[in-house]
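For reference, the structure is listed below as structure tokens.
The values are calculated or read from the model by the stated rules, or taken from the named source; none is laboratory data. The shown structure was predicted, so the numbers you read here are calculated from the model rather than taken from an experiment. Don't worry about glycine lacking a Cβ; one is built from the backbone with ideal geometry, like all the others, and counts go over all protein chains shown.
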Amino acid sequence: MHRILGVLTATMLACMSGAEASAGTTDAVGGNAASIDVAALLTAANGAPPMICALAAQSVRNGGWNDRSDAPYTPLGDAPSLRNRDEDYRGRNSIQFSAADNERLLAGLASGDACVRELSVRLVSWQREENVASALLSRLGSTDASMRAIAAFGLGLSEPASAVDPLIAALRDAASNVRANAAWALGRIENGRAVTPLIGLFRDADAKVREAAVVATGRIDSSTAVAALMRVLQNDESPRVRRVAAWALGQKEAHEAVDVLGTALGKESDPRVREMIVWALGNSRGRSATAAITNALRRDDDDAVRETAAWALAELNDRTAVEALGVAAAGDKSSRVRGTAAWGIGQLRGEGGKAPAGLLKVLRDSEDDVRLKAAWALGQIGDPASLDAIRDALKAEQSNEVRRALIRAMIKAGGRSEQALTELLSSSDATVREAAVRGLAGNNSFNPWPWPWPRPRPFP
């Protein structure tokens, strides 16, 4: 066990080093690639526990998207994964192995051990060379369905243009794992010729295939699939498929889907689907979506849905939503919702507006992050009527970051050269003292100054 862990850990570090070097010179890439002992790696991988293998696979994953940031079917299957879905390695160039190592990796695709297959397909696909693509394409025609699925996986990782037509043909494969991986691969290649064949899979009997086809369609820049995606959202029996259909519609900023999304939001029982529908409505940038999103912010029983609704209202840039955001900022049970609602007010109200009463109440919130967002929003607005509330908050505030935001808000609202700023000159935090000095000098600029962001959007 210790030997396996040691070899795989060393290989992980070598692979990551090679990937980072690939942004530099070819010589550096070659040097790092040569340090990977492929034979030792595959020997150690044989029989390795899934978690250890997943760690090794993480370092050579080649990028991706989906819940697991990966293909629907991988050799490790549902093994534990530590992959970070927000990263994408596709911008990194290829690394090179010797001809002998390439043969070992290609032979590893047929291994009886899942870890060997997993690492082999990832490493061999990292080399975006025509001979690697040809080898994978030849295996796409194998009589073994598991080999065809691995080949489709590898082609999605390496993204050769020559794979588009063979992968389109593989969408008709008798094996569901091959169809799903072929759809996933076409989504990564992003060739418009695949859209119509992918739409043909929206009625596939296997939910995983439908999900992969819908996500792939969302990745391809084409409006052809919008009507079909709306039907999937309305009718598919799988919550996972409905969720990615909403994501695809949002990804395409499909204005014509706003009414369908709003109706679906009112009927949907799965909170993760509702969350994605609200995100899609916000991404549509159509103000006709305001009513449906506001209703979700006020009434949905899921915290993530309400938080996404607060973000979406700010994205729509509809200032009529300020009142609803103020109510949420002041009274929602979730600190995440309160904070994102406060952020949304700052996005919408803008300089010269009036601060809603709910935003002033948030200055007394129990959570630092919520108070920070409220103070930042007040700085965006610069309402002189908020000065008394800001001064009171400064007297009680213990967080230096929030105090800096409050100083900025006070200055933006017209409060300068007063006792509160002078007292802050004795703060133990240098950034607070700097902010106070700027304020006393009448300088509205803060660098750095707080810029709170809501959490990232939901991904399929």
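Taken together, the residues in the range 366-401 that are assigned to a loop (DSSP other than H, G, I, E, B) and among the small types (Gly, Ala, Ser) amount to 3. Per this entry, residue 145 is not counted among residues that are within 26 Å of residue 129 (Cα to Cα), out of contact with any Phe, Trp or Tyr (no Cβ under 6 Å at 6 or more places or on another chain), crowded, with 23+ Cβ neighbours inside 10 Å and small (Gly, Ala, Ser). Residue-level analysis places residue 226 outside the set of residues that are among the β-branched types (Val, Ile, Thr), crowded, with 20+ Cβ neighbours inside 10 Å and in contact with a helix residue (DSSP H, G or I) (Cβ under 9 Å, 6 or more places away or on another chain).
Of all residues in the range 168-192, those satisfying the criterion of being over 26 Å from the mean Cα position of the chain (by Cα) and part of a helix (DSSP H, G or I) are 168, 169, 170, 176.
Does residue 381 satisfy being of a type in the set (A, V, I, L, M), assigned by TED's automatic domain parsing to the domain that holds residue 459 and at pLDDT 90 or above? In short, yes. Scan the range 371-378 and tell me whether some residue there is within 30 Å of residue 250 (Cβ to Cβ), at pLDDT 85 or above and of a type in the set (D, E, K, R). Within the range 371-378 (the criterion being within 30 Å of residue 250 (Cβ to Cβ), at pLDDT 85 or above and of a type in the set (D, E, K, R)), the answer is yes, since at least one residue qualifies. Hey, residue 353 hits all of (1) in a helix (DSSP H, G or I); (2) surrounded by fewer than 24 Cβ atoms within 10 Å (Cβ to Cβ) but one; which does it fall short on? Only one criterion is unmet by residue 353, namely (1). Is at least one residue of the range 331-342 more than 22 Å from residue 271 (Cα to Cα) and either aromatic (Phe, Trp, Tyr) or touching a strand residue (DSSP E or B) at 6+ places or on another chain (Cβ under 7 Å) (or both)? No, the range 331-342 contains no residue that is more than 22 Å from residue 271 (Cα to Cα) and either aromatic (Phe, Trp, Tyr) or touching a strand residue (DSSP E or B) at 6+ places or on another chain (Cβ under 7 Å) (or both).
Just one residue in the set 217, 224 is assigned to a helix (DSSP H, G or I) and not acidic (Asp, Glu); that residue is 217.
Contact map, the range 265-294: residues that are more than 14 Å from residue 308 (Cα to Cα) paired with residues that are basic (Lys, Arg), Cβ distance under 6 Å, separation 6+ or inter-chain. Pairs shown: 268/274.
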